[in-house]
1. Would you mention how many residues in the stretch 220-255 are of a type in the set (S, T, Y) and under 23 Å from P186 (Cβ atoms)?
2. Across the stretch 215-236, which residue is farthest from S141 (Cα to Cα) among those that are out of contact with any Lys or Arg (no Cβ under 9 Å at 6 or more places or on another chain) and open to solvent by less than 70 Å² (accessible area, probe 1.4 Å)?
3. Got at least one residue in the stretch 39-56 being part of a loop (DSSP other than H, G, I, E, B), open to solvent by 70 Å² or more (accessible area, probe 1.4 Å), under 26 Å from R174 (Cα atoms) and modelled with pLDDT of 80 or more?
4. Just the residues that are assigned to a strand (DSSP E or B) and among the charged types (D, E, K, R), please, taken from the stretch 194-208.
Amino acid sequence: RRSREESNLQPKVSLNWQPNDDVSIFLHWEKGFKGGGFNAFAFREGTSDVGFEADDLVYEEEIAENIGLDFKLWLFDRTANLNVSFFRQYAEDFQVLIRENPPGTIGLGTSRVVNAEEAYSQGVEADFLWLANDWLTVNASLGVLDTEFVQFSDGECPVGQGDPADDGDPDNPRCNQSGKSFPFAPEYSGALSLRINKPVEWLGGLTFTAGALVEFEADQLLDVDLDEAKRQDAFERYKADIGLRDDLRGWSLRF
C-alpha cells in the first residue's frame with residue numbers, strides 16, 4: 001500500500017506592452033508542476049537485486065520554470081501577421097518514460113517513469129501569414145530548438161548494450177545521458193505554403209483551388225534510448241493539390 005500527497009503554488013507574471021495598434025509585446029515568467037506518482041508495471045521497491053537500489057515504484061514531481069518573450073505584429077496595412085516567440089524552460093526532476101530489461105526478465109521488460117535531475121529546452125518559434133491579394137495566401141513557419149539533459153543518470157540503455165564503464169557512475173546499471181539532447185527534437189524545422197482560392201466565372205461560379213507545401217526538419221533521434229543508430233537524417237517533404245469547390249452547393253473535388 002502506498003500513498004503520496006503533494007501541494008504547491010504555481011506563480012505566473014505576465015506583462016503586455018502595445019505601443020500602437022500593430023505591435024503587441026508579451027514578457028512572461030511562470031513556474032509549474034507535474035505531479036509525481038506510481039509506476040503501474042514496476043515490481044521492485046528498493047531491493048538491491050541487479051544493482052537497482054532506488055524505489056522503482058515511485059517517481060517524483062516535476063518542477064519547471066519558463067520564461068518567454070513574444071511579439072505579435074501586423075504588417076503591410078494589416079494584411080500580414082507575424083508572431084515570434086523566444087522561450088527557455090528549465091526543469092528539475094524532469095519525468096521521462098524509459099524501458100528496461102534487467103537480467104531474468106522475459107519479453108519487453110518494464111516501462112516506467114524516472115526523473116532526470118535537470119533538463120532544459122530553449123529556442124525561438126515564428127509564424128507568418130500574409131493575404132497577398134484576394135486569392136493568394138502565403139504561410140511560413142520556422143522553429144529553432146536547443147535541448148539538453150543537463151543531468152540524467154538513470155537513462156535507458158540502447159538495446160543489446162550495457163551500462164558503459166566510463167559514464168561516471170559505475171554503480172548505476174542504467175546509462176548516463178547527461179549532456180545529450182532530447183529525442184524527437186530537431187534543431188531546425190520549418191514550412192512554407194502557398195494557397196490559391198479564386199472564383200472562375202466561366203466555370204459557372206466554381207472556385208479554383210490549388211496549393212503547394214514544403215516542410216523540412218533537421219536530423220533527430222527517434223528513440224528514448226538516444227541510440228545514434230536510430231538517428232533520422234534531415235529531410236524535406238513536398239505536397240501539392242489542385243481542385244474545384246462549389247460553395248453554394250457545398251461540394252469540392254481535389255487531387
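The values are calculated or read from the model by the stated rules, or taken from the named source; none is laboratory data. Note that this is a predicted model, so its numbers are computed, not measured. Glycine gets a Cβ as well: all are built from the backbone with ideal geometry, and neighbour counts include every protein chain shown. SASA here: full protein model, heavy atoms, side chains in, ligands and nucleic acids out. Shrake-Rupley method; radii C 1.70, N 1.55, O 1.52, S 1.80 Å.
1. Looking only at the stretch 220-255, we keep the residues that are of a type in the set (S, T, Y), and these are 238, 252.
Now restrict to residues that are under 23 Å from P186 (Cβ atoms): 238.
The number of residues fulfilling the criteria is 1.
2. D227
3. no
4. Listed by number, the residues that qualify are R195, K198.
Rundown of residues vs (1) modelled with pLDDT of 95 or more; (2) in a loop (DSSP other than H, G, I, E, B); (3) surrounded by 15 or more Cβ atoms within 10 Å (Cβ to Cβ), yes/no style:
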position	(1), (2), (3)
Q161	no, yes, no
D166	no, yes, no
L213	yes, no, yes
Y238	yes, no, no
